[in-house]
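Report on the following structure.
The values are calculated or read from the model by the stated rules, or taken from the named source; none is laboratory data. Remember, it's a predicted structure, so these values are computed and weren't measured experimentally. As a convention, Cβ positions derive from the backbone with ideal geometry for all residues, glycine included, and neighbour counts pool all protein chains shown.
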Amino acid sequence: MSKTLKHIDDVIRVAPGAGASLSARDPVCDRLFPDKSEAEHATAADAEAIDALQDKLWAERKRALLVVLQGIDTSGKDGTVRGVFNRCGPLGVCVTSFGRPSEQELAHDYLWRVHVAMPKKGMIGVFNRSHYEDVLVVKVRGLAPSEVVEQRYDQINGFEKHLTENGVTILKFMLHISKDEQKQRLQERLDDPNKHWKFNPGDLEDRALWDDYQRAYDIMLERCSTEHAPWRVVPADKKWRRNAIIAAVVRATLEEMNPRYPEPEWKAGEFRIE
Ligand code: AMP
Ligand code: MG
């Protein structure tokens, strides 16, 4: 493991089986990337490197990378996609946002829509929300009986194990912001006409359920951080730090995957182009 990744993971990786207690985690966390301008430079360099590695991943076409982004409203899921994958060509990265399930999706099991959205070999897939909503909003708002939700943690672990055994490397990031920071970000959406479209009155209902969401996240982190797909809790009150951390982990993971351009079955010298 690279030194950078180890340094970051000492702070953000949720050890499998251990409690993650969000309340004990600092959403600012200046131990990582203390300097803003250095963080921004690192992010830009990592974004370039991610693009180059994705090119090899595609050429090789044997494996995929899935990046799961979870977090409450305004935690920065969209901003992360923009900040970390902005150098990647649109051919190589596929972003899927999961909203309230459609009638057709509800007619299937809850993992159906998620399995369909998995990145194919060679691709990086980014999930803006994910199957974890089925143990978060569904639990907090009582959209399914509690026994049904209870079974899902193990089902999700099994599903992710199946994926990793079939060539998908999974990175899961929980974007951790403070209640005060959310207040400010929601207020900006009300104050700035260009951000009105992002505001949804339902977000305030979820904010009123803040403690219930934090508890649901704690349980999710405790039950679904596994060796094959660990959770990472990203301090997300500072957008630039959040981006720097996630870009560094994605880059280090791709470097460990070490994709290579395939050897052609011909020699370049055999051909002459007239
Ligand atoms: P946004 O990410 O702001 O576009 O909002 C998407 C909304 O869809 C959020 O309020 C989520 O809680 C909700 N959502 C996502 N997945 C599910 C699900 N499986 N069941 C119910 N609501 C969901
Ligand atoms: Mg929203």
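Tabulated values for the structure
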item: Filter pass, ARG152 being farther than 21 Å from ALA247 by Cα, more than 16 Å from ligand 2 (Cβ to nearest atom), modelled with pLDDT of 95 or more and buried (at least 20 other Cβ atoms within 10 Å of the Cβ); result: yes
item: From the options TRP197, TRP210, residue that is among the aromatic types (Phe, Trp, Tyr) and under 19 Å from SER178 (Cβ atoms); result: TRP210
item: Single condition ARG223 does not satisfy, out of (1) among the charged types (D, E, K, R); (2) farther than 30 Å from LYS121 by Cα; (3) more than 16 Å from ligand 1 (Cβ to nearest atom); result: (2)
item: Qualifying residue in the stretch 89-100 (condition: in contact with a helix residue (DSSP H, G or I) (Cβ under 7 Å, 6 or more places away or on another chain) and among the charged types (D, E, K, R)); result: no
item: Flag for LYS195 being away from ligand 1 (no atom under 11 Å from the Cβ), within 16 Å of the chain's Cα centre (by Cα) and of a type in the set (Lys, Arg); result: no
item: Selection within the stretch 192-209 - of a type in the set (A, V, I, L, M, F, W, C), touching a Lys or Arg at 6+ places or on another chain (Cβ under 9 Å) and part of a helix (DSSP H, G or I); result: TRP197
item: The stretch 6-22 residues that are over 20 Å from GLU255 (Cβ atoms), paired with ones that are among the aliphatic types (A, V, I, L, M) and not in a loop (DSSP other than H, G, I, E, B) (beta carbon under 6 Å, 6 or more apart); result: VAL14/LEU221; ALA20/LEU221
item: Selection count where residues are closer than 30 Å to GLN184 by Cα and polar (S, T, N, Q), scope the stretch 226-264; result: 1
item: Residue among SER178, SER102 that is over 27 Å from ARG61 (Cβ atoms), small (Gly, Ala, Ser) and more than 11 Å from ligand 1 (Cβ to nearest atom); result: SER178
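Table: residues versus (1) touching a residue at least 40 places away in the same chain (Cβ under 8 Å); (2) within 16 Å of the chain's Cα centre (by Cα).
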position: GLY122; (1), (2): yes, no
position: GLY167; (1), (2): yes, no
position: LEU171; (1), (2): yes, yes
position: ASP180; (1), (2): no, no
